[in-house]
Every structure is written in structure tokens, then in C-alpha cells.
Amino acid sequence: VYSILLSTELIAQNYDEAKVPSYILPDVLKAQSEKVVTNVKDWENIRRPEILTLFEENVYGQMPKTFDKYEFKIKNENKHSMNGKAHLKEVEIAVTNHNQTVMIHLVLFVPTGIKKPVPAFLLINNRGKNNTSPTRDTLSGFWPAEQVIDAGYAVAAFHVNDAAPDHKDSYQNGVLRLYPEQLKAGNGMKAIGAWAWAASRIMDYFENDKDIDASKIVLTGHSRGGKASLWAAAQDSRFAMCVSNCSGNTGAALSHRRFGETIQAINTTFPHWFADNYKKFNDNESALPLDQHMLVSLIAPRPVYVTNASEDLWADPVGTFLSLKEAERVYGLYKLKSALPESIPAINMPFVKPPLAYHIREGVHDMTSYDWAQFIKNADLYFKSR
Ligand code: GTR
């Protein structure tokens, strides 16, 4: 039995399927007017905007869309990187609002010797910067850039700390300097919102880079980065595909199940991730007007790939798979048939097929070269069919 210390109380986390409470998920297709949505038009005009607002108000906070100035410059480049197979660009993106500037550093490798523009994978990096080293002095399965280049994709990354330091005392020192009003609002964005915002600023850059096909960007993230990748793709439909690796609670997993990490646990350990309003649901999941299947659904009809790891029960693999299954109803409105099985597949049996892909990998909470190989396969299937 695992437990975590929350101030002075000890709150046990449930890892027993038999102890999952009975719950009723909010119906993704039932509008606030009680009307049940049966077509794309009503989904896009009525229900989808309602759900987006529910997530802004209750979970991730607002997503500011305007700023005073946007500039980028190539700080460094190497046309013969990775022994000549990639063109490295280190880009500085400076965004200014209210006389405050945030600087986001992008590391980008573009494959050489193939026709441009190319599709790209963008990672929201929540781990050490050494994982995305531009000099390739450290190689890591977390961001196996050579493997992605060999598959004919550009590969890019930025570090979350550029947008909002991942700490409760300093998260304000980034994007939030540009939007100080957010700090006072119950529905104000915090770190995860800021990371998602930064992903969109990188998309703005891709739209200006002739080597990159901005209509074919796969946004990826692991764990807290996977929560941000879902929120960014829900907000910004320019992302063609979303990969959310081991994103768990307030990522792809259903909160109503209270399996593994709970809302109270996440809000206590990471009070700087979500809007203050989200704390109303601490130990109060049944009051939620939403759940994470609705976040996945906001990305429809674009493909979503979600994963788990067999030893990572904290992230609730079953609840993650169920969330994806619920989202099938919205993809169905677009006549997109999901190839997912009825229940969670066996370990190391990937269901790689757009629009909804899933695998549970043997091992621990991580993103590995095995995971990336499946994401590439899924992107190949999708982009080659278009
Ligand atoms: C955990 C947290 C998870 C997940 C993870 C990570 O401690 O409870 O929600 O975000 O960190 O980002 O690796």
C-alpha cells in the first residue's frame, strides 16, 4: 500500500480495482441545454466550446491569445549536425506583452537530403536539458532525436522552465510576467497552461520556417509534459497530432476513478500547475462537471496517442484507456472509426492506428525509444494517408 503525506494527514492512494468508487462520467455529447449532440456541426458550435470553457474555468485556466510583440532569431546553426544527417537550428523566440518579455529556446533538427518541408515532432521537455542536447553530447531515449531524423521527421524540443519554472515559488517567473492578471484570477493559468502556451508560440515559429510543414506537427510530452501536450492540442487546432505519454492524473486518466494519483494529491504536491479553481475538487471528484475523456475529445478529429507503463499504476493505466475509449464517441461524429480493443490491451501490444492509438509498455514511468518507435509508426500511417 502506497501513501503520501499531505500536511499532517496520511492519505492512502487506492491501487485496488475493486475499491474504485462507482461513478457517473459527465456525458461528452450532452450539452448544457440537455440536448444530445449527434453531428459535427452541433459538436463544433455548441458542445465543444462548452467543454473548452469548462476546462478553462475549472482545471487549466485561461489561455491568453494576444501579445504585443513576437520575434525570433536563429541563435546558432549547424548544417552538418549528426554526422551530416541533420541541420541544427537553435532558435530564440521572444514574446513581449506589457513591456515584459519571455524567451523560449527551441532546439530543432531538420533531416538533410530529403524534400522540404518536412513534418516534425515537438517535445515539451519537463526533464533535464541534457535530454535535448543540441551538441548530442548526451543521447537519451527520452528524446531519441537521431531515431526521429532517420524516420524522415524534423525533431524539436523546448524546456518547460523557459515558460514557467516548475516550482511553486517561481512558476510566475515566465509567461505569467506577460499576463499578471492571471495570477489573481481563480481561473488564471499556471505552469501547465504556460507550457501549453509556449508550445503554441513554437507553432507560430514553425509557420515561419520553410523547412517545416506546419500542418504536420506532432506535439508530444511525458507525464506533466503529457498533460500540457493534451491541453495545448485541445486549445490550438494547428497541432496535427497529440502524443500524451504516461500523463496520468489531469492528463489522459479519468479523475472520477480515484485510482492512483488523485486531484487532492496532485494539487497538494504541485499547487502551481492548475488554476486555483481546481482545488475545489480536492477529494470531491464527483462534483467535477467534466473528466479527462472530454479533454481527449476536444482534439478530435485529429489523432491522439496515449500510453502507460506497466509499473506506473500511479498514472492509472485502466482509467487512461477508458478515457480514450469514451472519446471514440466524438471521433464517431466525424465518421472516424477507432481500432482500439474493448478493454486495455496486453503489455507491449501497441494499438497503433489513427485516430486513437494506445499502448502500455513494460517498465517504469518514462518515455523511451520503444515508445517513440510506435509514435513514428502512427505518424507515418496518418500523414501518408493524407
Ligand atoms: C508525478 C506526478 C504526476 C506526473 C509525474 C511526472 O510526481 O504526481 O502527476 O506529472 O510526476 O511529471 O513525471
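The values are calculated or read from the model by the stated rules, or taken from the named source; none is laboratory data. Remember, predicted model here, so these are calculated numbers, not experimental data. We place every Cβ from the backbone using ideal geometry, glycine too, and count neighbours over all the protein chains shown. Ligands, DNA and RNA are stripped out before the accessible areas are found, and what is left, the full protein with its side chains, is counted by its heavy atoms. Shrake-Rupley method; radii C 1.70, N 1.55, O 1.52, S 1.80 Å.
Extending 7 Å from Cα along the Cβ direction at LEU381 and again at ASP42 yields two label points whose distance is 3.1 nm. Taking 0.36 nm per residue of separation and subtracting the Cα-Cα distance, full extension of the segment from ASP150 to TYR23 would add 41.1 nm.
For the range 21-126, the solvent-accessible area works out to 51 Å² per residue, with a probe of 1.4 Å and every protein chain left in place.
Look at the Cα gyration tensor of the range 173-262: its axes a ≥ b ≥ c give a/c of at least 1.5 with a/b at or below b/c, and that counts as oblate. With a simple spin-label model that places each label point 7 Å from the Cα along the Cα-to-Cβ direction, the separation between ASN99 and LYS337 comes to 6.1 nm.
Return the carbon/sulfur percentage of the accessible area of the chain, one whole number, probe 1.4 Å, all protein chains in place. Show your work: numbers first, answer last.
Details: 7940 of 15320 Å².
Carbon and sulfur atoms account for 52 percent of the accessible area of the chain.
For the chain, the square roots a ≥ b ≥ c of the C-alpha gyration tensor eigenvalues yield an a/c under 1.5, which makes the shape rounded. Which FRET efficiency value, to the nearest 0.05, do you get for ASP211 and ASP137 by plugging their Cβ-Cβ distance into 1/(1 + (r/R0)^6) with R0 = 22 Å? The pair ASP211/ASP137 has a calculated efficiency of 0.35. Taking 25 Å as the straight-line reach from the Cα of LYS85, the lysines in range (excluding those fewer than 8 positions away in the same chain) are LYS73, LYS75, LYS115, LYS116, LYS129, LYS210, LYS216, LYS377, LYS384. Each Cα pair under 8 Å and six or more residues apart adds its separation to the average, and for the range 188-264 the resulting relative contact order is 27 percent. For the chain, averaging the sequence separation of C-alpha pairs within contact (under 8 Å, six or more residues apart) and dividing by the residue count gives a relative contact order of 16 percent.
Given R₀ = 51 Å, what would the calculated FRET efficiency be for ALA346 paired with ASP68, taking r from the Cβ atoms and rounding to 0.05?
Working: r = 52 Å, r/R0 = 1.03.
That pair, ALA346 with ASP68, gives E of 0.45.
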